[in-house]
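Input: a single structure, listed below in structure tokens.
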Amino acid sequence: MVWVNALVQGILLGGLYALFATGLSLVFGVMRLVNLAHGDLGLLAAFLVVAVADASGLSPWIVLVVPAMFVIGYVLQYVTLNRTLESGELAPLLVTFGLAIVLQNVLLETFSADSRGINAGAIETESIRVNDQVAIGWFPLATLVVSVVLLVGLQLVIGRSRLGRALRATADDLRAAELMGIDHRRTYAYAMGIALATVAIAGVFFGMRTTFAPSDGPARLIFAFEAVIIGGLGSLWGTLVGGIVLGVAQTVGTQIAFSLEVSPGWGGDLAGHLVFLAVLATRPTGLFARTQAT
Amino acid sequence: MTLLRLEGVSSFYSDFQALFGVSLEVAEGETVAIIGANGAGKSTLLGSVAGTVQVAGGEIRLDGEEITRLEPHSRVDLGISLVPEGRRIFPSLSAEENLLVGAYRKRPGAWSVAKVYQLFPLLTRVSRNPGWSLSGGEQQALAIGRALMANPRLLLLDEVSLGLAPVVVRQLYETIPVIAASGTTILLVEQDVGQALSAADRVYCLLEGRISLQGRAEEIGREQLTMAYFGV
């Protein structure tokens, strides 16, 4: 039964990884940009909530961090990253890597290296007890539900809205999109805005799930990156599956390490990375890559 | 009334100068064809008007307003739509979504999805199919329909006949008078001289980046055309 529990916890953990990975997948799918500051931007959102909570207590107003991160994403893309995209593939990698370092140090200077947490109240510890060995935590369940709702919403926006068509058209053929009157710089800015809004949600859920420190961003980026690669680049539903596969690999790996009496944390991370490498080796385009005949 | 005016336009195709001080005019409601051999600069000329090719010298005016340095998406706002060479249909979007993207700028006008389907009935049955799965003729019809969805004042058609069966080319060219009758001015580039002459009111011939001949389509003689086309 402990293995069933590991599986259930892995699926629930996958919800959080999918939340982190969604924005990364969207941005890569639309503009082929790998945002190396993605994890740190999620942490920035979490620390913004901490700052608001420290100043005035935790209130429903913390949801404002989501539109705030949208605006940050829009401006960041429009003012800075669009210019780097015109300079080849290396420039955006370097700029977002630099941004990650700047963010980590600003957070370190502002909040110190101490671990912080966002208190979500009783929901953090309450669970549905299925039997003696299997329990479904309300908070991880809520995280998974939010990630599914977010993906459904994003799918609707991308599949049916004017902005969504513009995003897909720009991803297909940037020059042809310009001929339709689409300003690709604005379209990219909207994509980054949406990506940072989603990573803000991820960052806040992460901060409620566990303690976090300014140096945690790169690890979030790696897990998000692995979820995107496992699921398939540019596929939103693939991202959810990728997150769940990674989550299950980690919780099952932890259980294996626990059975072998070695460090459970070490076992979980290793299992996740091994599954990622296995997918990369056997199916480099991921499990649900967007395919298209030409 | 002159809708489009090019004065001394010079443009480059990659590192090569493709246009050398080209001047031409297109009146509102006219259908004008640009003909010329491969490499004469026809597509570069259309690209210069649409904004996809940077103009090195001279100026381009639409309805008197200078547009020489405007970006392509801003020119769509002013009523210029290009049907590019090779169609450039969005492969992952359905045919109908391609049409809807064409209407992105929401310019007012008579063209709608229903009206495009009326013009190109063959698109009706493939409306839900992804762009990549359409035949060459369907893609070209879709590319023209997509450009019309922007309700352009000036429609630029680049090599409509390229790579298509003669019967399909004829069907597509039959729609040009219909489009023109809707009040849209047309500037088309074509290697198929016969098609161009039959569709256009006036013709410009380009030879190595320069205008070598211009005149009303019905007044141009065969010998005169051969001289302007080949330079011999």
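Residues are listed down the side, and each one gets a yes or a no for (1) of a type in the set (A, V, I, L, M, F, W, C); (2) assigned to a loop (DSSP other than H, G, I, E, B); (3) at pLDDT 95 or above:
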residue	(1), (2), (3)
A:LEU167	yes, no, yes
A:ALA176	yes, no, yes
A:GLY193	no, no, yes
A:MET208	yes, no, no
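Taking first residues from segment A:251-267 that are modelled with pLDDT of 90 or more and partners that are charged (D, E, K, R) and in a helix (DSSP H, G or I), the Cβ contacts under 8 Å between residues at least 6 apart in sequence or on separate chains come to A:GLY253/A:ASP269.
The residue that is farthest from the chain's Cα centre (by Cα), counting only those in segment A:230-271 that are crowded, with 21+ Cβ neighbours inside 10 Å and of a type in the set (S, T, N, Q), is A:GLN255. Out of A:VAL8, A:VAL66, report the one residue that is within 16 Å of A:ILE118 (Cα to Cα) and either hydrophobic (A, V, I, L, M, F, W, C) or over 21 Å from the mean Cα position of the chain (by Cα) (or both). None of the others qualify; the one that does is A:VAL66. On the stretch given as segment A:178-191, residues that are more than 12 Å from A:VAL30 (Cβ to Cβ), assigned to a helix (DSSP H, G or I) and among the aliphatic types (A, V, I, L, M) total 1. Note on segment B:146-172: residues that are within 14 Å of chain A (Cβ to nearest Cβ) and not in a helix (DSSP H, G or I) total 10. Of the numbered conditions (1) in contact with a Pro (Cβ under 7 Å, 6 or more places away or on another chain); (2) at negative phi, B:VAL160 satisfies every one except a single condition; which is it? Checking B:VAL160 against (1) in contact with a Pro (Cβ under 7 Å, 6 or more places away or on another chain); (2) at negative phi, the one that fails is (1). The number of residues in segment B:177-188 being over 15 Å from B:LEU4 (Cα atoms) and buried (at least 18 other Cβ atoms within 10 Å of the Cβ) comes to 2. Inspect segment A:65-73 for any residue being of a type in the set (Gly, Ala, Ser), assigned to a helix (DSSP H, G or I) and more than 21 Å from A:PHE111 (Cα to Cα) and give the result as yes or no. Scanning segment A:65-73 turns up at least one residue that is of a type in the set (Gly, Ala, Ser), assigned to a helix (DSSP H, G or I) and more than 21 Å from A:PHE111 (Cα to Cα).
Checked against the criterion of being under 27 Å from A:LEU103 (Cβ atoms), basic (Lys, Arg) and within 12 Å of another protein chain (Cβ to nearest Cβ), the candidates A:ARG185, A:ARG175, A:ARG162, A:ARG168 yield just one match: A:ARG185. A search for C-beta distances below 6 Å between a residue of segment A:138-149 that is more than 17 Å from A:ASN5 (Cα to Cα) and any residue that is in a helix (DSSP H, G or I), counting only pairs 6+ apart in sequence or on different chains, returns A:THR143/A:GLY15; A:THR143/A:LEU16; A:THR143/A:PHE205; A:SER147/A:GLY15; A:SER147/A:ALA18; A:SER147/A:LEU19. Could you please give the count of residues in segment B:173-231 that are part of a strand (DSSP E or B) and among the acidic types (Asp, Glu)? Residues that pass the stated criteria total 1.
Please work out which residue is surrounded by the most Cβ atoms within 10 Å (Cβ to Cβ), limiting yourself to segment B:1-17 and to residues that are small (Gly, Ala, Ser) and assigned to a strand (DSSP E or B).
B:SER11
The values are calculated or read from the model by the stated rules, or taken from the named source; none is laboratory data. Predicted model, so just to flag it, every value in this text is computed and none were measured. Cβ: placed from backbone, ideal geometry, glycine included. Neighbour counts: every protein chain shown.
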